[in-house]
Structures are given as C-alpha cells and as structure tokens.
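Colleague: Pasting in a structure now, in structure tokens, and then I'll have a few things to ask.
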Amino acid sequence: RAQQAVQAARPYAEKMVEVLQTTTERATEYRHPFLIRREGKRAVMVLITTDKGLCGAINVNNIRAATRFMNEHYAEGQRYVTVGRKGRDFLLRYRRQVIAEVSGVADRPTMAQILPAITVALEEYTKGNTDAVILCYSKWISTMRQDPTVQTLIPAEIPKRAGDAEQSGPRADYIYEPDPESVLDGLLPRYVETQIFQAVLENKASEYSAKMIAMQNATNAAGDLIDALTLYANKVRQAGITTELMEIVSGAEAMRAAER
C-alpha cells in the first residue's frame, strides 16, 4: 500500500512542476523570493528518517548523506527540521540544532501531520534567517533498491520545459486569474509542501521495503543457523553412539579373553 501511495502521488507532483514551468515562463519579470538564489552559507535541512529501527541501512544512509552535504556546503550555518525519531535522536546526540520535529507519522501519512514542520522551514527562509532549504530522504526505486536523495527545495529549481521538437503531445496553455504573479505566489509554497510530502511517502515505502528485506534476510540467516546447529547436533550424537558401540565391543572382547 505504501508503494501504491508513492506511485499514485507522483503524477500530481509531476503535474505541479509542469504548471510551475508554464507560470514562471509567463511571469518573466517577477522574481518570487523562493526563486532567488542567496549567497549566504546558512541552510535548513529537512531530514526524513523512520521512527523505528529494523529497516536496514536506510536511516544511516539518509543521515550520512544529509550531514555530509551540510558539512560540505553549509558548515557554519546548519539547522535541521526532522521527520522521524531516528534522525532527531542522532542530531540531538551530536548537538546539532533541531528547530522543528515531527514523529509518529502514520503508516498512511497526511499533509496535516507534517505541515507544522514544513511551515517552520518556510518561515525561516521568508524571514531571512536562512539562505536555502534542503531536503534529504530515501527515494523508493524498487523493493530491492532505495536511494538516499538530497535536493534543494529553496531556491526552487524548476526545470525548463521541453522544446517543441521534444514535446510528445500538445503543449498546455493556461489562463491565469488574476495574473501569473499571483498564481506563482500561491503555487510555490504549495510546491515545496508537495515535494516534502512526496518525500515522506517515498521514505515510508522505502522503510517497508527495507523491513521486508531485513526480515527475509533474518529468516534466511535463522534457517542457516538451524541447519548448522542440527548438523552439529547430529555429528555429536553420532560420535557419542560410535563411542558407546566401541566401548561395548571392547568390553565384550575383554570378557571373551578372560574366559579363555
């Protein structure tokens, strides 16, 4: 179900990117604050991990990717917003500044659960307290593969639309009310929220896939251990029986020799 949720949410996120592409093209002279690159060295990292363990190396990989990126690019101005207990506990243990956290996310996450933490990250950028908002999560590729992913949320990196030669179907054209600038003002915060929510879904699907693989590996390891112990027990039992038979035969031979 987690995998189905990821796959169901991806078209919405992709369509929002398409709408943003056309809107930014129309609002050519307007620069939303979320589109302006700042030169400072401060960043808020939205780190997504799980609440519980027993899910392979997902949390370790996410934490390593997030902290490595921050140390390389924002060594002096790091702050974190965490989704999941594992990331929060790690950062607090190593005295990193956590300005907001969400834990206990349901198996079927909702935007309402994570919106307070998202709001904190957006307000930090809007107030000028940070120069970038970064996202780190585990992207679900397949049951056997989950990749730690780091992406910049703000300033938003909106990819350019494909050219006419690359466009496979008719290009959509939109009518904006009241104007493209106003639409962009409402759409960009929603875009950031959607990206984070999609990342939570991806991470949840990755968690369940990793847990399934970990349980399967544990089952296989337990089976191998049982086989090895059974073989060892059989060898010990066989050796004991052989020793007893040899003692019986030796005793019988000694009795026959004494009777002669």
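Colleague: For the stretch 1-107, taking Cα atoms only, what is the radius of gyration to one decimal and the Dmax to the nearest whole Å?
Modeller: Radius of gyration, then largest Cα-Cα span, for the stretch 1-107: 17.3, 51 Å.
Colleague: Sequence neighbours fewer than 8 away in the same chain don't count; with that in mind, list the lysines whose C-alpha is under 18 Å from Lys15.
Modeller: Cross-link targets: Lys160.
Colleague: Could I ask something else about it? Suppose we take every Cα in the stretch 40-164 and form the convex hull; what volume per residue is that in Å³?
Modeller: In the stretch 40-164, the Cα hull volume divided by residue count equals 148 Å³.
Colleague: Here's a follow-up. Work out the FRET efficiency for Asn129 and Ala218 from their Cβ-Cβ distance, taking R0 = 45 Å, and round it to the nearest 0.05.
Modeller: Result of the calculation: an efficiency of 0.50.
Colleague: Leaving out same-chain residues fewer than 8 places away, which lysines sit with a Cα under 22 Å from that of Lys41?
Modeller: The reachable lysines, counting only those whose Cα sits under 22 Å from Lys41, are Lys127.
Colleague: Could you calculate, for the stretch 1-213, the ratio of the Cα radius of gyration to the Kirkwood radius, expressed as Rg to Rh?
Modeller: That ratio is 0.98, to two decimals.
Colleague: Now for a separate question. Taking the Cβ of each residue in Arg26, Arg10 as the centre, tally the other Cβ atoms inside 10 Å and list the residues starting with the fewest.
Modeller: Neighbour counts put them in this order, fewest first: Arg10, Arg26.
Colleague: Can you tell me which aspartates and glutamates have their Cα less than 13 Å from the Cα of Lys211? Leave out same-chain residues fewer than eight positions away.
Modeller: Within the straight-line cut-off, Lys211 pairs with Asp51.
Colleague: Between Gln7 and Ala257, what is 0.36 nm times their sequence separation minus the Cα-Cα distance? Round to one decimal in nm.
Modeller: 81.5 nm
Colleague: Within the chain, what percent of beta bridges assigned by DSSP are antiparallel, to the nearest 5?
Modeller: 40
Colleague: Report the extension gain between Leu115 and Tyr94 in nm, rounded to one decimal, defined as 0.36 nm multiplied by the number of residues separating them, less their alpha carbon distance.
Modeller: Full-extension gain reported as 5.0 nm.
We did not get these values from a lab; they are worked out from the coordinates using the rules stated. Predicted, not measured: the structure shown is a model, and the values here were computed from it. Reconstructed Cβ throughout: ideal geometry from the backbone, glycine too, with neighbour counts over all protein chains shown.
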